[in-house]
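For reference, the structure discussed in these notes is given below.
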């Protein structure tokens, strides 16, 4: 019987793990509980590679070694298992997982991906490698709307692979674009993997979503740039679309306008609406098409108006500044630098602090405290004026003995509130304070406005009726997903809702989309509920198994042993990050991302403080790195998803070969993120810190 290469690879890895564990135990002077913990870790990895269920393997190994650590005390072992399971089940973040998964399956079954791919590859027809670029773009948008990896790879394998092969595309490039694009759901929010990492590492899922947004866009952009360069340098690998593939059929009424008036959409529709050669087309149809045509102009007006309002917003009013340079206080006694209250000076009598009620002097005028406005002055009476402190009630006013009311330095008469005293004692209504003047728009706004206006003019200059039909296809496929993405991710990132609440909104949005496209049948709902329950149960049991395994590992002292070993190597922060990412990269070959997160992240996370690494930044590096768990052989689940729906002549080796360049791009993305951490950290710092 001939053994496959992938099986040989797995056997070699298992042999190396067992051999390494044996050498460690033999070379140790004394076998401690920490060594038992490392042996448990090795046995778990080998058992998973042999095909045992991950969650139950973790639970079983954890209970067995906990029993040994507690010196065969069954009661303590069961107590620890129950406590670990309860701790996981009481985690509120996990509620968002079934809701996000349910949203993804509903959107998948709304049949939006087919319309989205068709409209995108027609709109990108002139771009080199347009089919592959449209595939990557579709995968990125759909990953943002669903977060499900296997479904995206499978659907794009059914939809895009036959068209790319028919168009003369290379099998390896086609397979690589589909598998790499389909795996973007691991990184781009709302990623289930980010929720799992956040719950494991104790990092805010909201900040993880904000941090992963730009790295996800960067990785998708690198994929697209690579495909365009390959198509430009080697056109035989990605030929341009034929005229037949670019053809867009027009509706009958639109075709009549195009034949009798002209093919440029905006002027032709205006002329047809005026009655000049309208080819007997109803005015309602023309108005509808004209309204769709003017949507980009309406969007430009709205964006330009909001931008102008933001660019010309008045500056906030400056606070009054005292002569000593500090802010003037009307609240009472100021504090000294030492934090106590300042004593009044001993010479010159006792002085009231600013803002308190002062008795009028026996002679002379009454002076208002600094900063008091003229609105607080009473009209002078028979013997003089009354001076009132800020905020004093009318019942507290004392009549002045003599003299007039003097204006304090810096008081602004324009700040009057109710009435101003007149010479005869009559109150005259105060003049309201003028509104602050808006500042003029800067040069940057006008440059942006001119560029946008030129782009809008160019758009209408080239918008034919064929391009109008493509735009309508985008309106019906791309923009509903954009609205759903903004509703879910926007509410999370801007703090309007928690991930769980946003997931509920997304699930409702999936219902609405499925109903709008007439796909909301009982069969679709049953399938979505079943797949959601299956996926959610897998994730939750993984968390329970991970909690039990981590508790046993910590109880045996395995974490302490690993920490001592790492610290003994005297690594720098850079060397530690390189070592950890290399280990995760290698683990991605035999294991899936779920197993790496729940087994190995509890080992890495406690080490981050020792090297001054932000767990949020580490999570972004791990998220980029775990893309390899779906693209690296021999496991490479994305390859098997694609192989299951590809034509018979597409071999697994061709799919693996096509994925290798995209794995290299992932490594490049990790290097870029490490050298420029602002790619991932800028948005969380702006929004939350």
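The values are calculated or read from the model by the stated rules, or taken from the named source; none is laboratory data. Everything numeric in this text was worked out from a predicted model, so none of it was measured. Because the Cβ atoms are built from the backbone with ideal geometry, glycine has one as well, and the counts that use them run over all protein chains shown.
Table for the structure above
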quantity	calculated
Check on residue 449, buried (at least 20 other Cβ atoms within 10 Å of the Cβ) and over 23 Å from the mean Cα position of the chain (by Cα)	no
Search result, residues across segment 50-66 that are under 33 Å from the mean Cα position of the chain (by Cα) and surrounded by fewer than 21 Cβ atoms within 10 Å (Cβ to Cβ)	53, 56
Residue within segment 492-510 that is surrounded by fewer than 17 Cβ atoms within 10 Å (Cβ to Cβ) and either under 30 Å from residue 37 (Cα atoms) or more than 26 Å from the chain's Cα centre (by Cα) (or both) present	no
Failed condition for residue 655, given (1) surrounded by 24 or more Cβ atoms within 10 Å (Cβ to Cβ); (2) within 27 Å of residue 573 (Cα to Cα)	(2)
First in segment 474-493 and within 14 Å of residue 114 (Cβ to Cβ), second anywhere and buried (at least 20 other Cβ atoms within 10 Å of the Cβ) and modelled with pLDDT under 80, Cβ under 6 Å, 6 or more apart	477/112; 481/145
Some residue of segment 236-244 being in contact (Cβ under 8 Å) with a residue 60 or more places away in the chain and part of a helix (DSSP H, G or I)	no
Candidates 618, 585, filtered to the one that is out of contact with any strand residue (DSSP E or B) (no Cβ under 9 Å at 6 or more places or on another chain), assigned to a helix (DSSP H, G or I) and surrounded by fewer than 21 Cβ atoms within 10 Å (Cβ to Cβ)	585
Any pair with Cβ under 8 angstrom, 6 or more apart, that starts in segment 536-554 at a residue that is closer than 20 Å to residue 93 by Cα and ends at one that is outside any helix (DSSP H, G or I) and modelled with pLDDT under 80	543/91
The one condition in (1) more than 24 Å from the chain's Cα centre (by Cα); (2) over 30 Å from residue 60 (Cα atoms) that residue 562 fails to fulfil	(2)
Extreme residue, surrounded by the fewest Cβ atoms within 10 Å (Cβ to Cβ), among residues of segment 26-49 that are at pLDDT below 75 and either touching a strand residue (DSSP E or B) at 6+ places or on another chain (Cβ under 6 Å) or under 30 Å from residue 83 (Cβ atoms) (or both)	31
Tally, over segment 192-235, of residues that are surrounded by fewer than 16 Cβ atoms within 10 Å (Cβ to Cβ), in contact (Cβ under 8 Å) with a residue 24 or more places away in the chain and over 30 Å from residue 605 (Cβ atoms)	2
Qualifying residue in segment 279-292 (condition: at positive phi, surrounded by 13 or more Cβ atoms within 10 Å (Cβ to Cβ) and either at pLDDT below 85 or assigned to a helix (DSSP H, G or I) (or both))	yes
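Here is a yes/no grid of residues against (1) farther than 21 Å from residue 462 by Cα; (2) in contact with a helix residue (DSSP H, G or I) (Cβ under 9 Å, 6 or more places away or on another chain):
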{"site": "229", "(1), (2)": "yes, no"}
{"site": "233", "(1), (2)": "yes, no"}
{"site": "237", "(1), (2)": "yes, yes"}
{"site": "242", "(1), (2)": "no, no"}
{"site": "245", "(1), (2)": "no, yes"}
{"site": "263", "(1), (2)": "no, yes"}
{"site": "266", "(1), (2)": "no, yes"}
